[in-house]
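Some notes on the structure that comes next.
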Amino acid sequence: MELPLVAEPFNLDFTLSCGQVFRWNKIGDWWFGVVDENVLKVKKSKDKLIFDSYPEKVNAEFIRKYFRLDDDLPRIISQINKDELMDKAIKQLYGLRIVRQDPGECLISYICATNANIPFIKNMIQTLCRKNGQRIVFENQDFFTFPRPEELAKASTDKLSLGNTGYRSRYIIETSKAISSHAFDLYGLRDLSYREGKELLLSKAKGKKLLLGVGPKVADCVLLFSLEKTQAFPVDVWMSRIVLDFYSKLFDAPFVGGLKRKLSAGSSITNKQYETVCDTMQQYFGKHAGYAQEYLFHFRRSAMYH
């Protein structure tokens, strides 16, 4: 099937390789991924997307929604193009879009992503799916669905059940229990504001966190990549370095000094430092700060950054 791209700038390669998703792989000219229990096969050819899926056939609207082709990217870009670095990133990566992930998969994926690099994260999630998801054979390749929260809630913490997730296994199980038991309405966060959603993702009940393994960065990733909150601005080591190198003028000198000391020591920044960076960058880039974050992140990570 085909989806014409008439006025929608879209770069499939940048979108699927920028670090926001972990279960897409490129084989030849085609990208393969599993979305909503279907294997998708997609490639860009000039001004159209060509796609196939199995076991169910998805339609063009499904593809349009998943890749957020309804976002007015030229308008978003014009709003976040505030400085020389951002301008370079946009010129290099124009067409990169944030995708609409399933919130449950996104949440567990970013719990897995804590303190790990992207190759390790991809391997970890692939193992998790292979051990707990449903196998789909498509074009003589094995693919696996992402396990539902109720499936992960019944898992055990050993390697036979959750693979190489390590200390994260307890977080995965307990957070899945909260979602599958409806103690936490993850999907309902779409209807709330960014601030309300983040507050709930980080909330406690009787002194205990409702969602284990969810700190400010995981919360912002889930809000940005699956819950329609494009003002979310996840901050990791890469972003902290970019802030120090190019945006330190937005902060006072004591804050910059403290951030430098943390990074020089190889330590994680504090929650207070995180929120200061996040709030400041949101004010600077505006309601689509998450797009700015993703362009800057991929620009830096891809060694395009000078």
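Annotation note: Cβ proximity below 7 Å between a residue of segment 219-238 that is touching a residue at least 24 places away in the same chain (Cβ under 8 Å) and crowded, with 24+ Cβ neighbours inside 10 Å and a residue that is aromatic (Phe, Trp, Tyr) and assigned to a loop (DSSP other than H, G, I, E, B) (sequence gap 6+ or interchain) occurs for ASP220/PHE233. Screening the candidates LYS208, LYS249, LYS260, LYS272 for the property of being free of Cβ contacts under 8 Å to residues at least 24 places away in the same chain, touching a helix residue (DSSP H, G or I) at 6+ places or on another chain (Cβ under 7 Å) and surrounded by fewer than 22 Cβ atoms within 10 Å (Cβ to Cβ) yields one hit, LYS260. Select from segment 122-167 the residues that are in a loop (DSSP other than H, G, I, E, B), touching a residue at least 60 places away in the same chain (Cβ under 8 Å) and among the polar types (S, T, N, Q) and list them in ascending order. Once the filter is applied, which keeps residues that are in a loop (DSSP other than H, G, I, E, B), touching a residue at least 60 places away in the same chain (Cβ under 8 Å) and among the polar types (S, T, N, Q), segment 122-167 yields GLN134, THR145.
Selection within segment 168-210: residues that are among the aliphatic types (A, V, I, L, M) and part of a helix (DSSP H, G or I). The member of this set that is nearest to LYS287 (Cα to Cα) is LEU189. Scanning segment 44-73 for residues that are surrounded by 12 or more Cβ atoms within 10 Å (Cβ to Cβ) and either assigned to a helix (DSSP H, G or I) or hydroxyl-bearing (Ser, Thr, Tyr) (or both) returns SER53, TYR54, ALA60, PHE62, ILE63, ARG64, LYS65, TYR66, LEU73.
Considering only residues in segment 74-86 that are of a type outside the set (Asp, Glu), free of Cβ contacts under 8 Å to residues at least 12 places away in the same chain and loosely packed, with under 13 Cβ neighbours inside 10 Å, the one that is farthest from PHE144 (Cα to Cα) turns out to be SER78. Can you confirm whether segment 91-113 contains a residue that is modelled with pLDDT under 95 and in a loop (DSSP other than H, G, I, E, B)? Looking through segment 91-113, at least one residue is modelled with pLDDT under 95 and in a loop (DSSP other than H, G, I, E, B). So, in segment 276-293, of the ones that are surrounded by fewer than 15 Cβ atoms within 10 Å (Cβ to Cβ) and part of a helix (DSSP H, G or I), which residue ends up farthest from the chain's Cα centre (by Cα)? Out of the qualifying residues, it is GLN283.
Every test in (1) closer than 27 Å to LYS287 by Cα; (2) touching an Asp or Glu at 6+ places or on another chain (Cβ under 8 Å) is passed by ASP71 save one, and that test is (2). Annotation note: Cβ proximity below 6 Å between a residue of segment 191-202 that is more than 17 Å from GLY213 (Cβ to Cβ) and a residue that is not in a helix (DSSP H, G or I) (sequence gap 6+ or interchain) occurs for TYR194/LYS229; TYR194/GLN231. Of all positions in segment 247-261, none carries a residue that is within 22 Å of ILE118 (Cα to Cα) and in a helix (DSSP H, G or I).
When ARG97 is tested against (1) without any contact (Cβ under 8 Å) to a residue 60 or more places away in the chain; (2) touching a helix residue (DSSP H, G or I) at 6+ places or on another chain (Cβ under 6 Å); (3) of a type in the set (D, E, K, R), just one condition goes unmet, and that condition is (1). Within segment 1-24, the set of residues being exposed (fewer than 14 other Cβ atoms within 10 Å of the Cβ) and touching a Gly at 6+ places or on another chain (Cβ under 8 Å) comprises just one member, PRO9. Going through (1) assigned to a loop (DSSP other than H, G, I, E, B); (2) under 28 Å from LYS65 (Cα atoms) one by one, GLY213 falls short only on (2).
The values are calculated or read from the model by the stated rules, or taken from the named source; none is laboratory data. Since the structure is predicted, the reported quantities are computational estimates derived from the model, not experimental observations. Every residue, glycine as well, gets a Cβ built from its backbone with ideal geometry; the counts of neighbours run over all protein chains shown.
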